[in-house]
Structure formats: C-alpha cells, structure tokens
Amino acid sequence: MMNIPCPFCGSRNEAEFAFGGPVKPDRPDPNTVSEGEWVAYLTQVPNPLGPVQERWWHVKGCGMWLTIWRDTRTHDIVEGPADAE
Amino acid sequence: MLYDVQIDRLPCFALFDLKGPATDLAAWADVLPAFAKPANTLTRQNGVDLCFTGPDRWILRADIAREDALIAALRPEKAPPEISITRVSDTLTFFRITGPDAAQVMSIGCPLDLHDSAFGPDAVSYSEFFGLKALVMRCEGGFDCAVEQSFGDMVADYLSRATA
C-alpha cells in the first residue's frame, strides 16, 4: 500500500486514488513523423523497470489530478507533485 | 470484539455544493461563514458549517429546517458563471459515531489518520469509508461520516456487523 502526496490534502492512502496511467509523450504531428513512430505513439505505453511518471486521480478525496514519479520495483514515490507537502 | 460506541443515522441535512473562488462565493452570498484558509477544515457560524473539501470546492451544511431560507439567500439559479451552487441535501446520508471507541470503529472503514494531532476539531475531508467515497468530520465525542444516500442501508449494515 502506498501513501501518495496530494497537493491539497497531503499524504493520503492509495485507496483514495484511481490510477490514471503513465504519462505519455507529447502527441506528435502525424504528418511529420514516420508511420512507425506514429504507430509507436498510439500503441506503446511507458513501462520501464524503474521510475515511471504516472497520473493519479484523488477521486475519493479532493478530486485533483496529480503527477508523480513511482519506482516500479519498489513502489517508492521518487518524486511527488511540486506543490505537495 | 465489542466496541463502546453509539451509532446514529442522522436525519437529512440541508447541503449545498459550492464551486468557485472563495472571493466570488463570498461576494455572492453574505450568509456564508468565513471561508477557511487551511485545506480540509471547516468554519461554523450560526449553525451553518462551511467545509473546504477541495480546490475551489466547498460543502455547506445546515439543519434541514433552514433549507428554504438558504436557497432564498444563495439564489442558486441566478448564480454568476464564475461560481456554481447546487442543492445536494438528498444525496448524502450522515452517520454519527460517538463514544470512547469511535476512532477504532472509524479506522475499520476509513484510511484517514484520525488522531487528534492529525485530524483536529475543525477537520473535514473526503475520504473512503468501507470502500465508498465519504465526507468525514469531527463532532462532539466522535465523528460524522456521510456516504451517498443510496448506500446508507448498506453502510448501516456494515457498521452493525463491525460493532456486533
């Protein structure tokens, strides 16, 4: 079980949050990238062994969306939202 | 295990969901208590609780007998576009859990740290209660906990089993 730092509420139990998926790279212009790069953008999600940037929704709390860096090996929150406690 | 608690299902409250900047809300309705500055705290004035539950998000709670007067004062249908005022009185069911073991019973269903040092007398927060989104606040000798009205009977059953 993780404690996730919320900018509004402070550190809260993971049970109050909904996972919003990893942060994807910016959407490329499909007219300027190769077909392979476009397909990769559409179908591949970041899944590293180590820190990954993720979105979480404090759905059972204040309702904020926040971005954290979580280490997939240890579940440590490597970096929380900039304005979190 | 037997807990030394009293569990009551409270009658309906007058509830309003307020959204928007505090300055705009305060300018629109002068019946509101002072807006709390710290997150997840409430202010009380003349029997009206104003709960700061999220960014630009507030819950107003008062006795149900004052609902019509509050509607007349808040004028939800005429609110300017910067703010939103919605009557939600019939959407939440409140349970009052009081007694020496109130915090123990709350901890069965709620992951919040409810110690006095972390959850003071003016604390209020949305959290989880038996897997449901719930509004949790302190009351005299215990806690008030509100869940969506349609889950009221289920939560009453959970509480009776947890304390049986």
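The values are calculated or read from the model by the stated rules, or taken from the named source; none is laboratory data. Bear in mind that the values here come from a model prediction, so they are computed numbers and not experimental data. So basically every Cβ, Gly included, is an ideal-geometry build from the backbone, and we count neighbours across all protein chains shown.
When B:Ala34 is tested against (1) touching a residue at least 24 places away in the same chain (Cβ under 8 Å); (2) closer than 18 Å to B:Ala123 by Cα; (3) surrounded by fewer than 20 Cβ atoms within 10 Å (Cβ to Cβ), only condition (1) is not met.
Just to be sure, is B:Gly120 surrounded by fewer than 16 Cβ atoms within 10 Å (Cβ to Cβ), in contact with a strand residue (DSSP E or B) (Cβ under 8 Å, 6 or more places away or on another chain) and within 14 Å of chain A (Cβ to nearest Cβ)?
On the way: surrounded by fewer than 16 Cβ atoms within 10 Å (Cβ to Cβ): yes; in contact with a strand residue (DSSP E or B) (Cβ under 8 Å, 6 or more places away or on another chain): yes; within 14 Å of chain A (Cβ to nearest Cβ): yes.
Judged against the criteria, B:Gly120 is a match.
Would a scan of the stretch A:36-59 turn up a residue that is out of contact with any helix residue (DSSP H, G or I) (no Cβ under 8 Å at 6 or more places or on another chain) and under 26 Å from B:Cys145 (Cα atoms)? There is at least one residue in the stretch A:36-59 that is out of contact with any helix residue (DSSP H, G or I) (no Cβ under 8 Å at 6 or more places or on another chain) and under 26 Å from B:Cys145 (Cα atoms).
Among residues of the stretch B:40-63 being within 14 Å of another protein chain (Cβ to nearest Cβ) and in a loop (DSSP other than H, G, I, E, B), the one that is surrounded by the fewest Cβ atoms within 10 Å (Cβ to Cβ) is B:Pro55. Name the single residue, out of those in the stretch A:1-49 being free of Cβ contacts under 8 Å to residues at least 24 places away in the same chain and basic (Lys, Arg), that is surrounded by the most Cβ atoms within 10 Å (Cβ to Cβ). Per the stated criteria, the residue is A:Lys24.
Scanning the stretch B:77-85 turns up one or more residues that are away from chain A (no Cβ under 14 Å), hydrophobic (A, V, I, L, M, F, W, C) and within 27 Å of A:Gly10 (Cα to Cα). Screening B:Val147 against (1) assigned by TED's automatic domain parsing to the domain that holds B:Ala22; (2) of a type in the set (Val, Ile, Thr); (3) under 26 Å from A:Ala18 (Cα atoms) leaves a single unmet condition, (1).
From A:Gly10, A:Gly36, grab the single residue that is at positive phi and not polar (S, T, N, Q). Write out each step before concluding.
Working: A:Gly36 fails: at positive phi.
Residue meeting the stated conditions: A:Gly10.
Within the stretch A:58-74, residues that are small (Gly, Ala, Ser) sit with their Cβ atoms under 8 Å from residues that are not in a strand (DSSP E or B), at 6+ positions apart or across chains, in these pairs: A:Gly61/A:Phe8; A:Gly61/A:Cys9; A:Gly61/A:Glu16; A:Gly61/A:Phe17; A:Gly63/B:Pro55.
Please tell me if A:Thr43 is away from chain B (no Cβ under 12 Å) and in contact with a Leu (Cβ under 9 Å, 6 or more places away or on another chain). Here the answer is no, as A:Thr43 does not meet what is asked.
Residues checked against (1) under 30 Å from B:Phe129 (Cβ atoms); (2) in contact with a Leu (Cβ under 7 Å, 6 or more places away or on another chain); (3) in a loop (DSSP other than H, G, I, E, B):
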| site | (1), (2), (3) |
| --- | --- |
| A:Pro28 | no, no, yes |
| A:Pro48 | no, no, yes |
| A:Glu54 | yes, no, no |
| A:Ile68 | yes, no, no |
| A:Thr74 | yes, no, yes |
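Of everything listed in (1) more than 14 Å from chain A (Cβ to nearest Cβ); (2) farther than 20 Å from B:Phe13 by Cβ; (3) under 14 Å from the mean Cα position of the chain (by Cα), the single unmet condition for B:Phe94 is (2). Within the stretch A:1-12, being part of a strand (DSSP E or B) and either out of contact with any Cys (no Cβ under 9 Å at 6 or more places or on another chain) or of a type in the set (Asp, Glu) (or both) holds for A:Asn3, A:Ile4, A:Pro5, A:Gly10, A:Ser11. Collect the residues in the stretch B:124-142 that are charged (D, E, K, R) and facing another protein chain (nearest Cβ under 8 Å), keeping them in residue-number order. Across the stretch B:124-142, the qualifying residues are B:Glu128, B:Lys133.
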